[in-house]
Each structure stands twice: as structure tokens, then as C-alpha cells.
Amino acid sequence: MKQVFRIISLSVILIFSVSAAASDKIAIVNISDIFQQLPQLTVVTHKLEKEFKDRTIALQNMEHDLQTKIQNMQRNRLTMKASDQLQIEKEIIKKREAFNTTVRVFDQDTRRRQIEERDKIIYQIQNAVQKVAKLQGYDLVLDRGAVAYVSSVKDITADVLKQVK
């Protein structure tokens, strides 16, 4: 008898929780699609290219100088004194290390700035998702990338894209 009562209790609880969940309005949004379609992405890309243009040119010049020095040493190796050859090899090694260090710092700086700018855009998208969800009365909005399968749920990607633009 106690077991029957427990089964009935659990059934009632399940029925109420399913009906409560069914009353929630759920929507889907594809944040990566929105991100790719935003005109701000092109603006940010050009901004970062302009910001790092001088450093990019300096790196290209460093690389060119290093390549030239290596080619000259290889071309003149047979006619050089051993001491001169050793000195040039040491100089090349120093320049290569300096170049590699400069490239590492450059990569870190560009990656950091890209992340900063991407985060600004994602923040705008999240605000737009919240506005659209509130305006349309959604209780839950999920990213399309986080959901394996969804049946009959409203996709608000276009609405959010309009809000962000």
C-alpha cells in the first residue's frame, strides 16, 4: 500500500513538473551566425589591422634582413675565413632569437586585442538576446550550438541580428 502511494505521489509530481515546464517559452538563437554576419566584425578587423600595421611591417623587415644575411653567408661561405663565418653565424643566431621573441610578443598582443574586441561584440549580442527575449516573452533562450535536437521551438536569430545592427 505504501508503495502504491509513493508511485501515485511521484506521478502527480511528474505531471505538475511537466506541465510547469511546458508553460515555459523556449527559443533558440545561433550566436555564431550572428557574430559572422555583423558589420562590426569587418570594422574591428580593419581597426586591428591598422593598429598592428607598423609592427607587422617591422616584423617583415626583420625577417627580410635575417633571410638576406643567411643567404649572403651561404653564398660566401667557401671564401670566408672560419673566424668570420663563426662571427656571422653568431650574429644570425642572435637576430633569429630576437625575431622569434618579437614574433611571440606580437602574436600575444594581437591575440589579446582580438579577444578584447570579440568580447565586446559578444556582449552586444548577449544584450540583444536579452532584449528580444523580454520583448517576445521567452523564459529560456538556448544557443543553437549547445542543443543537439530541438522540436518546434522558435528561432530568434534574425530578430537578434536586427537588434544588434
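The values are calculated or read from the model by the stated rules, or taken from the named source; none is laboratory data. Treat the numbers as computed from the prediction; the structure is a model and nothing was measured. Don't worry about glycine lacking a Cβ; one is built from the backbone with ideal geometry, like all the others, and counts go over all protein chains shown. Heavy atoms of the whole protein, side chains included, go into the accessibility calculation; ligands, DNA and RNA do not. Shrake-Rupley method; radii C 1.70, N 1.55, O 1.52, S 1.80 Å.
For residue 80, the solvent-accessible surface computed with a 1.4 Å probe is close to 50 Å², ligands and nucleic acids excluded. Distances between placed amide hydrogens fall under 5 Å for residue 142 paired with 27, 28, 29, all partners being 5 or more residues away or on another chain.
As a test of the formula, what do you get for the chain when each DSSP H run with n ≥ 4 contributes -39,500 (n - 2.57) and the sum is divided by the residue count, at 222 nm and rounded to the nearest 500 deg cm²/dmol? Please list the in-between numbers first.
Numbers: 6 runs with 128 residues, N = 165.
It comes out at -27000 deg cm²/dmol, rounded to the nearest 500.
Given the range 26-162, what count of lysine pairs have C-alpha atoms under 13 Å apart, with each pair 8 or more places apart or on different chains? Can you show the working numbers first?
On the way: 69/90; 69/94; 69/95; 131/162.
Pairs that pass both the separation and distance tests number 4.
On a full-extension model of 0.36 nm per residue, what is the gain between residue 36 and residue 65, subtracting their alpha-carbon distance, rounded to one decimal in nm? The partial results should precede the final answer.
Working: separation 29, 0.36 × 29 = 10.44 nm, distance 3.80 nm.
Gain in length upon complete extension: 6.6 nm.
The residues packed around residue 65, meaning those with a beta-carbon under 13 Å from its beta-carbon, carry a net charge of +2 if Lys and Arg are +1 and Asp and Glu are -1. Measuring nothing but protein heavy atoms, the accessible surface of the chain at 1.4 Å probe radius is 57 percent carbon and sulfur.
A convex hull fitted to the Cα coordinates of the range 26-162 yields 141 cubic angstrom per residue.
Using the Cβ atoms and a cut-off under 10 Å, what net charge is assigned to the surroundings of residue 30, where Lys and Arg are +1 and Asp and Glu are -1?
After counting each charged neighbour, the total is -2.
Note that the chain presents 75 Å² accessible area per residue, ligands and nucleic acids not counted, probe 1.4 Å.
Sequence-ordered 3J(HN,Hα) estimates for the range 140-149 from the Karplus curve with 6.51, -1.76 and 1.60 and θ = phi - 60° stand at 8, 10, 10, 6, 4, x, 9, 10, 7, 8 Hz, glycine and proline given as x.
Pairs of alpha-carbon atoms within less than 8 angstrom and 6+ residues apart define the contacts here; what relative contact order does the chain have, in percent? Once divided by the residue count of the chain, the mean separation gives 51 percent.
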